[in-house]
Amino acid sequence: MQHTHVTPRRRAMGVVMAALLIAAGCSGGDSTSTTVAGGSTVDDPGDCVPIDMAVSPEKIELLKDLAKTFNGQKRKAPSGKCVFVRPAKKSSGAAATALLKGWDEAADGPRPVIWSPASSAWGSVLNQRLTQANLAAMAPPDAQPFMLTPLVIAMPEPMATALGYPAKPVGFADLARLAQDPQGWAAYGHPEWGQFRLGKTNPNYSTSGLSALIAQTYAGSGKTKDLTLEDLANPKVLEFSKNIESAVVHYGDITLTFLNNWFRADKRGNALTYASAVAVEEKSVIDYNTGNPDGILDPGEEPRPPRIKLVAIYPSEGTLFSDNPFFVLKASWVTDDQRAGAALFQTFVQEPANQQRVLSYGFRPGNANVAVTDPIVASNGVDPNQPQTLLEVPKPEVMTALLESWARNRKSARVLMVLDISGSMGDPATQTSSDTKLDLAKTASIATLDLFKDDDDVGLRVFSTLLGPAEDKTFLDLQPVSPIGPRKEQLTRSIDGLVPTAGTPLYDVTLASFKDMVAGYDPTRINAIVLLTDGKNEDGDSSNDAAQRDALLTELRAGVSGENAKPIRIFTIGYGADADMSALTQIAEASNSAAYNATDAASINKVFAQVVSNF
Amino acid sequence: MNGKRAGAIVIALVLVLGAFFVRRQIDGSSTATPSGRDSSALSAVCTPEAATACQAMGLGGVKIERPGDTAARLAKAGGTLGADLWVTPSFWPAMVTELARQSGNDSPTALTASPVIARSALAFVTRRDRAQALAGSCAGVANWACITTKAGDAWTTLGGQASWGTLTIGLDNISTTSGLMGVSAATVAHFGRSDLATNDFDDDETFGSVLTKLASSAPTSTAGGTTPLERYLRIPATASSVIEIDAVARPAVAASRDVASIERGVPTTLAVADLVIVGPTAANINSIDRSRWTAALVSAGWSTPNAADLPAPSGLPPAGVLVALTTRWKQIAQ
């Protein structure tokens, strides 16, 4: 396989393609589940007028319930036919991409009459892309919000109190100062909390990450609207943003990773040293404080509140709302009858009784006449009288430049890619594929190299048994952890040349990699390991597997605890049907990271891109 | 068929026919005009702030349209209303002639106007805490002159809190009644009189900055609703305040979840919208039941034509000046 030099433009294209890939594949906004291609609705509208909806995942259950009630009422369209609403889950970014491409029903499900992304900002993004393609805008600019939730800075209550909140307003400027203070929390009388650590999702993939980026940039500029390209180039604004980014723990595609890690850390009693603050939606603070950090109660699960509650800080410089608009699309496939039917459903969901229901999901009603009540109350760490100032979504061209600027100025990473080259990696990837698992993993990992920026340090380690000239090694370092910019070609060649070998010394190589990364820890970077394996620990001696695993987990947990910790995040990828997801999840959680599931080997491209979104 | 069943069918038929008769009597009494014309035979173009009343009048057809758009259409050569009636504040029809002249159309559609059927002043809506701060910085009286000159100022300089940001004023498009009246109120407040001429604008070098300040203080996002007031009530932080016709603001604020924390006021110098019905056919205008229209409008939030709290003058500049003001605003707000 030949690989040519990657130019900056091609790299940018790669980033965009990866973003689209993730947007198409991962949950939209800050949702927790993956997109189901083709949607999830199988309801038969019979002779009624079908109103298909594409909705962001966080509200799919609520809208399905509402649609069920609405459909039962047999409301009539102007034609006299009944109206039948069919909501289908589609992440915001994926839906925007599908609409831009004309919506392929075979791949994307039924063409929507109503599109409800997490934020109306997605409508602006779609319209801008359509305009660039000389196509007509599809998302009306004045869509009604179905439900609302503002972006907040979630902070453990003792830390918020130490900053003087709520008596003293707190904003991004305060966080930037704290991030740059060499004393860290010691400046507020709490040296035991260590440095200020911020959790923030990747703005290319996450609505709250994008909102946080907009908000911090406005804060740096001193404006609340009309952010310009000149503002983005202003050294003061750049410096401000860099100061914020310097405190980032890691990025990622969903806020749930932070919330789950925080929740687990809270159970272990070290929530205050995992993260000092995370940019999330207000709704997530309510979910967390009520003991349900992922917002979903599994069968048999009961909510158990954390030991230390979070407080929603509404940034003093202003914030943005996720407004969940109902866009009745200006699309060629939408008939007059469907348009009228969509209006009927829109009116229905705005009825006070139906708007009351959004409250139980932690959202604020979109209907201005329905009071904001429980659970949006002070006892859940939120303030219904906030925010006091709202920021405007910048113009689309400024948004694009903002994302490009972030890609250049985000916190740099120091990453060791640890790839399994055991014999089973030579098995076919799928029953119908002629490619092996290793073939697909190589393609995916080579593609993700373009997602790193030039000054990210990236190394490559492979592991199996019987490695090295004497066949006595369990891993080989093919590329050192150093700046990727000038070495992308070498890394590509190294990955391209991998061949399957023997066993899977998973625990041994994980521990060794962790120790090596701790030894070279760089506090100015995100320090992480990306660990991919298709199997379970098989080092030739199964008698000590449990002891090996326990020792590894103990070491990892110790590494992320305490004010002087040198946290190395281990993002694990369970690849193929035989991957030991249980062990990989434990490893990831012990290092306050996340495990990614690619048991469907064909999904490895998407999953790799999701993993790299953490940097 | 036995006799009992036949009798039941006859009775049922009588009941159905009787019901039709009674319904027709009811419908006739509610829609017939004094001259006997059935209002359901008439269609109307209505300004959005009169939409509720228009839809309650049992007209043959109702189209809701921004009055600036209606006026622009009528001012074009060959432009038609597309309906029998136009329910609108009186200054819009007056502007049609001026707009037509501006575009070289010497014979715009002739319109006959009814007397005023309802009135409403321009209102200012904000949170109580902000209203208090603003009043404090306006020597106790937040009139249009003070409000509009403070537009865009940091709340900290107005006695408010830093977290409130700046005094942003939600102002609708200049093609809407509240949009044009808001700009007009700022203009009248600046000059201290409404009998303006367009050359007054050029003679006063400071006037441009007044409009620029007002325009730059207005939020530009339209997410969340079709009007600034809708957006403000749904998401209060979208703006510090909103300018809207009181006929719209009063019922909307009263129904809002935030009614206890919102203050709605009618600043001086009053700017008043005089609602009229105009149309190309005088007979249609003469045939309308004005008292019924007024009743419908009052129940929707408007005041009667002779409301004691609204003195007769509208407080607006002449139509030609409003046209010039519209042009100037569009240049600034772009």
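Charges on Cβ only, +1 for Lys and Arg, -1 for Asp and Glu, centred on the Cα centroid of chain B; of B:174, B:145, B:325, which one is farthest towards the dipole's positive end?
Result: B:174.
Please state, rounded to one decimal and in Å, the Kirkwood hydrodynamic radius that the range B:261-301 gives when every pair of distinct Cα atoms enters the mean of 1/r.
13.1
Using alpha-carbon positions, what is the distance between the centroids of the range A:216-256 and the range B:214-244, in Å?
25
Quote the charge dipole size of the range A:284-369 about the Cα centre in Debye, to the nearest 20; the model charges only the Cβ of Lys and Arg (+1) and of Asp and Glu (-1).
The dipole magnitude comes to about 200 debye.
For the range B:210-307, how big is the tail of P(r) above 15 Å, as a whole percent of Cα pairs? Walk me through the intermediate numbers first.
Values: 3363 of 4753 pairs.
In whole percent, the long-distance tail amounts to 71.
Of B:188, A:51, A:277, whose Cα points farthest to the positive end of the dipole of the protein assembly as shown (charges on the beta-carbon: +1 Lys, Arg; -1 Asp, Glu; origin at the Cα centre)?
B:188
Viscosity 0.692 mPa s, temperature 37 °C: Stokes-Einstein D of chain B from its Kirkwood Cα radius, in µm² per second? Could you put the intermediate results ahead of the total?
Working: Rh = 21.6 Å.
Roughly 152 µm²/s, to the nearest whole number.
Would you work out which of A:131, B:77, A:217 lies farthest towards the positive end of the dipole of the protein assembly as shown? Charges go on Cβ: Lys and Arg +1, Asp and Glu -1.
Among A:131, B:77, A:217, the one farthest towards the positive end of the dipole of the protein assembly as shown is B:77.
Explain nothing, just the number: dipole magnitude of the range A:420-547 about its Cα centre with +1 on each Lys and Arg Cβ and -1 on each Asp and Glu Cβ, in debye rounded to the nearest 20. Provide the component values of the computation, followed by the final result.
Numbers: 11 positive and 22 negative charges, 50 e Å.
Using Cβ point charges on Lys, Arg, Asp and Glu, the range A:420-547 gives about 240 debye.
For residue A:229 and residue A:522, compute 0.36 nm times the residue count separating them, minus their Cα-Cα distance, and round to one decimal in nm.
Answer, rounded to one decimal: 102.2 nm.
So for chain A, averaging the separation of alpha carbon pairs under 8 Å that are six or more residues apart and normalising by length, what relative contact order in percent results?
About 15 percent, as a whole number.
Step through the table entries B:76/B:213; A:90/A:283; A:89/A:330; A:101/A:606; A:437/A:515; A:442/A:606, compare each Cα-Cα distance with 23 Å, and write down the pairs that go over it.
On the way: B:76/B:213 32 Å; A:90/A:283 20 Å; A:89/A:330 20 Å; A:101/A:606 19 Å; A:437/A:515 28 Å; A:442/A:606 13 Å.
Too far apart for the 23 Å limit: B:76/B:213; A:437/A:515.
What fraction of the Cα pairs in the range A:379-456, stated in percent, has a spacing above 20 angstrom?
Percent of Cα pairs beyond 20 Å in the range A:379-456: 64.
Which order do the peptides A:396-407, A:227-238 take when ranked by the mean count of other beta-carbon atoms within 10 Å per residue, highest first?
Numbers: A:396-407: 17.5, A:227-238: 15.7.
Ranking, from highest mean packing down: A:396-407, A:227-238.
Assuming 1.002 mPa s and 20 °C, estimate D for the range A:153-197 with Stokes-Einstein, Rh taken as the Kirkwood radius over Cα pairs, in µm²/s.
Translational D for this selection: 202 µm²/s.
Any idea what the alpha-carbon Rg over 2.2 N^0.38 Å comes to for chain A?
0.97
Please work out the Kirkwood hydrodynamic radius for the range A:323-384, using every pair of different C-alpha atoms, and report it in angstroms with one decimal place. Display every interim value, and only then the final one.
Values: mean 1/r = 0.0750 Å⁻¹.
Over the range A:323-384, the inverse of the mean reciprocal pair distance is 13.3 Å.
Would you list B:231, B:250 from fewest to most Cβ contacts within 10 Å? If you can, show how the numbers build up before the last one.
On the way: B:231 26, B:250 20.
Sorted ascending by nearby Cβ count, the order is B:250, B:231.
Starting from the Cα of residue B:268, step 7 Å toward the Cβ, then list every residue of the range B:173-194 with an amide N under 18 Å from that point.
Only B:185-194 fall inside the zone, counting backbone N under 18 Å.
Dipole magnitude of the range A:172-282 about its Cα centre, charges +1 at Lys/Arg Cβ and -1 at Asp/Glu Cβ only, in debye to the nearest 20?
240
Can you figure out the FRET efficiency of residue A:489 with residue A:432, using R₀ = 25 Å and their beta-carbon distance, to the nearest 0.05?
Taking R0 as 25 Å, the efficiency between residue A:489 and residue A:432 is 0.15.
Of A:348, A:70, how do they rank once you tally other Cβ atoms within 10 Å and put the fewest first?
A:348, A:70
If I model a spin label at residue A:395 and residue A:101 as a point 7 Å from the Cα along the Cα→Cβ vector, what separation in nanometres do I get?
Once both label points are built, they end up 3.0 nm from each other.
Fewest first, what order do B:238, A:572, A:224 take by the number of other Cβ atoms within 10 Å?
With the fewest neighbours first, B:238, A:572, A:224 line up as A:224, B:238, A:572.
All of the numbers you see were taken from the coordinates with simple rules; none came from a lab. The structure displayed is predicted, hence computed values, not measured ones. In this analysis, Cβ positions are derived from the backbone assuming ideal geometry, glycine residues included, and neighbour counts consider all displayed protein chains.
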